[in-house]
Amino acid sequence: MKGKPIRFHLKNSSILVIVTTILFLFSFLSVFSLTGDILEHAVFIVVGAVIIWAFSFVSYVTLNKFSNIALFIALLLLIATLVFGSGAAGRSLFIMNRYIQTFYPIAFLVIFFMVSFLASNIKDHQAITRSEAIFLFVVLGGFCIGIALRNMSTAVLLMITGWLIMFIADVKPKYLFIFIFICLLGGVMYISVGSIKEKKATEQLAIENSKDRGSTVANRVKYWMTGESDTKGYGKQMTLAKAAVARSGLSPTGPGKGILKQSMAEGENDFIFALICEEFGFVVGSIILFLYFIFFITTVQLSNKSSGIFAKLYAVGIGFLITAQGLVHIGANLGVIPATGQTLPFISKGGVTLLVSCFAVGILLNIAKQNGNDAIED
């Protein structure tokens, strides 16, 4: 008599917790290995874990009521950063003796508002009208333009995520294609103007630290395509990142024994994946990449199991935003795409981005709880 096949049950919420915990572990080990200083980052990880736990008990239905306030806060942060922004390329606000980058929180708040707006209007009359679609396009496009003035990659991530959410919400295709065409046309014009400025630049202009991000993007694309850069140190950074990945193989240098990290600025943030590969090996890097795919697939499953429009759109939208940020970071470190300055979610050295991502995961866990029985079988 044949025995029954073993069936393994694992909830979506459990998968999210496991994946996030493993990424936290990699974060703790890699930041300590790269910097030798772990106390501050450990505090961020602990606070992030508390945020995940706390917001898993806060009903997303309740949070949904504050979507208009979320949009207002996003607008205030955007204006404040554009006017008073300081630090690298003016992308941060200097608060309490710290540089706080605001664009990722802004993107999250905009997505939160869009999901709430779509859920409310779809529920009322089962379709988004032309005027409502135009309103969403103006909101999304306006924030993308504002963010692009200081951080092009985050603006692109926000634009694609917002477009995806509207596509899933069955906004009419012709509206979506008109919007994406306008965005692409505007992006090409912005980079083209930046390219003209970039050609006139000299090394002394320090394009990478300039608030003119059009010329920065043009310079990065130029280096990615030709291997030439007009910015001091930028080409060196990219060369070091690819070298760190190339020399990892199956025989990494070992934790704390990396050589290239000593010459890599912002190694624990913008180039942490490459340095993880150098010290821990490409196998570990591949595991990290696999974990992001698992994270996204789990959020898609969570979305499919959700009955409410808000939960469906939020789960897949946030899952895509976090996963896309991770893939962009990894792609830039591998040289597959131009450098973007995006951090690696849950792994790069602690900051506001880490805490916002934890807040997002907390809401995902609450959605899983609201779904009730969310078990999947393997």
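In the list ALA311, ALA332, which residue meets the criterion of being small (Gly, Ala, Ser), within 14 Å of the chain's Cα centre (by Cα), at pLDDT 85 or above and on the phi < 0 side of the Ramachandran plot?
After ruling out the rest, the residue left standing is ALA332.
For a quick check of your reading: which helices (runs of 4 or more DSSP H) sit entirely within segment 101-176 and have at least 3 residues that are open to solvent by 40 Å² or more (accessible area, probe 1.4 Å), β-branched (Val, Ile, Thr) and closer than 21 Å to VAL316 by Cα? Break it down stepwise before answering.
Details: elements: 103-125, 130-148, 152-168.
It comes to 152-168.
Within segment 44-69, residues that are in contact (Cβ under 8 Å) with a residue 60 or more places away in the chain and polar (S, T, N, Q) have Cβ atoms under 8 Å from residues that are in a helix (DSSP H, G or I) and open to solvent by 60 Å² or more (accessible area, probe 1.4 Å) in these pairs: SER56/LYS369; SER59/GLN370, counting only partners at least 6 apart in sequence or on another chain. Exactly one residue out of LEU289, LEU321 is open to solvent by 30 Å² or more (accessible area, probe 1.4 Å) and touching a residue at least 12 places away in the same chain (Cβ under 8 Å), and it is LEU289.
Does any residue of segment 271-286 turn out to be surrounded by 23 or more Cβ atoms within 10 Å (Cβ to Cβ), within 17 Å of the chain's Cα centre (by Cα) and outside any helix (DSSP H, G or I)? For segment 271-286, residues surrounded by 23 or more Cβ atoms within 10 Å (Cβ to Cβ), within 17 Å of the chain's Cα centre (by Cα) and outside any helix (DSSP H, G or I): present.
ILE180 fulfils the conditions (1) at pLDDT 75 or above; (2) β-branched (Val, Ile, Thr); (3) crowded, with 16+ Cβ neighbours inside 10 Å except for a single criterion, (3). If the condition is being assigned to a loop (DSSP other than H, G, I, E, B) and modelled with pLDDT of 85 or more, then segment 337-378 contributes GLN342, THR343, LEU344, PRO345, PHE346, ILE347, SER348.
The values are calculated or read from the model by the stated rules, or taken from the named source; none is laboratory data. What you see is a predicted model, and the numbers here were worked out from it, not measured in a lab. Neighbour counts are summed over all protein chains in view; Cβ atoms, including those assigned to glycine, are modelled from backbone coordinates with ideal geometry. Only protein heavy atoms, including side chains, enter the accessible area calculation; ligands, DNA and RNA are left aside. Shrake-Rupley method; radii C 1.70, N 1.55, O 1.52, S 1.80 Å.
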